[in-house]
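Q: The following block contains the structure, expressed as structure tokens.
The values are calculated or read from the model by the stated rules, or taken from the named source; none is laboratory data. Fair warning: this is a prediction, and the values are worked out from it, not measured in the lab. Virtual Cβ from ideal backbone geometry, glycine too; neighbours counted across all protein chains shown. Accessible surface areas use protein heavy atoms only, side chains included; no ligands, DNA or RNA. Shrake-Rupley method; radii C 1.70, N 1.55, O 1.52, S 1.80 Å.
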Amino acid sequence: TCDTGDQQTMAVLHLKEPAATIVEMLKDVTSYEGEDAVFECRLSRETTQDAKWFLGDVPLQSNEMNEIRVQGTRHSLILRKVTLEDCGSISFKVGEHMSAA
């Protein structure tokens, strides 16, 4: 706002968050049945963008079998006590960027 006493003008500032990119891609994991499998990737910056994990086409959420962690730019997925049914493609998506293992 600029106020000169008898005149006033206003403007609004809009900010857009720059898109984060994946700078450290997922790596393939080999594990024994009953062990935990850990997948990690790192983004170019901390972000409020939605980051999502998938097993095949199924979106994953944190629960007793899947732990999703975010520590700064590092995003991790821990699959607890994997079984043969857990075999398949794991993918991580943020914005328009994706990594798979």
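Q: Give the residue that is farthest from LYS16 (Cα to Cα), with candidates limited to residues of the range 44-63 that are charged (D, E, K, R) and at pLDDT 90 or above.
A: The extreme case among them is ASP57.
Q: May I pose another question? Which members of the range 49-61 meet the condition of being on the phi < 0 side of the Ramachandran plot and either open to solvent by less than 70 Å² (accessible area, probe 1.4 Å) or within 9 Å of the chain's Cα centre (by Cα) (or both)?
A: GLN49, ASP50, ALA51, LYS52, TRP53, PHE54, LEU55, LEU60
Q: Condition first: free of Cβ contacts under 8 Å to residues at least 24 places away in the same chain and out of contact with any Cys (no Cβ under 6 Å at 6 or more places or on another chain). Can you find one or more residues in the range 74-82 that meet it?
A: no
Q: A follow-up question, please. Is it the case, given these coordinates, that VAL38 is of a type in the set (Val, Ile, Thr), touching a residue at least 12 places away in the same chain (Cβ under 8 Å) and farther than 12 Å from PHE92 by Cβ?
A: When the stated conditions are applied, VAL38 passes them.
Q: Then there's this: Answer with yes or no whether SER91 is touching a Lys or Arg at 6+ places or on another chain (Cβ under 6 Å), at pLDDT 95 or above and surrounded by 15 or more Cβ atoms within 10 Å (Cβ to Cβ).
A: no
Q: Sticking with this structure for a sec: Name the single residue, out of those in the range 1-20 being closer than 27 Å to THR48 by Cβ and open to solvent by less than 100 Å² (accessible area, probe 1.4 Å), that is nearest to the chain's Cα centre (by Cα).
A: ALA20
Q: Something else: Would you please name the residue that is farthest from GLU17 (Cα to Cα), looking only at residues in the range 68-88 that are of a type in the set (A, V, I, L, M) and loosely packed, with under 14 Cβ neighbours inside 10 Å?
A: Among those residues, the one meeting the criterion is LEU84.
Q: Taking the range 42-73 only, how many residues are touching a residue at least 24 places away in the same chain (Cβ under 8 Å) and not β-branched (Val, Ile, Thr)?
A: Of the residues in the range 42-73, 14 are touching a residue at least 24 places away in the same chain (Cβ under 8 Å) and not β-branched (Val, Ile, Thr).
Q: Determine which member of the set GLU33, GLU40, GLU24 is in contact with a helix residue (DSSP H, G or I) (Cβ under 9 Å, 6 or more places away or on another chain) and under 25 Å from MET65 (Cα atoms).
A: GLU33
Q: Further question on the same structure: Which numbered condition trips up VAL94, out of (1) free of Cβ contacts under 8 Å to residues at least 60 places away in the same chain; (2) within 11 Å of the chain's Cα centre (by Cα)?
A: So the condition that VAL94 fails would be (1).
Q: In the range 25-45, how many are farther than 22 Å from CYS87 by Cα and open to solvent by less than 80 Å² (accessible area, probe 1.4 Å)?
A: Residues that pass the stated criteria total 3.
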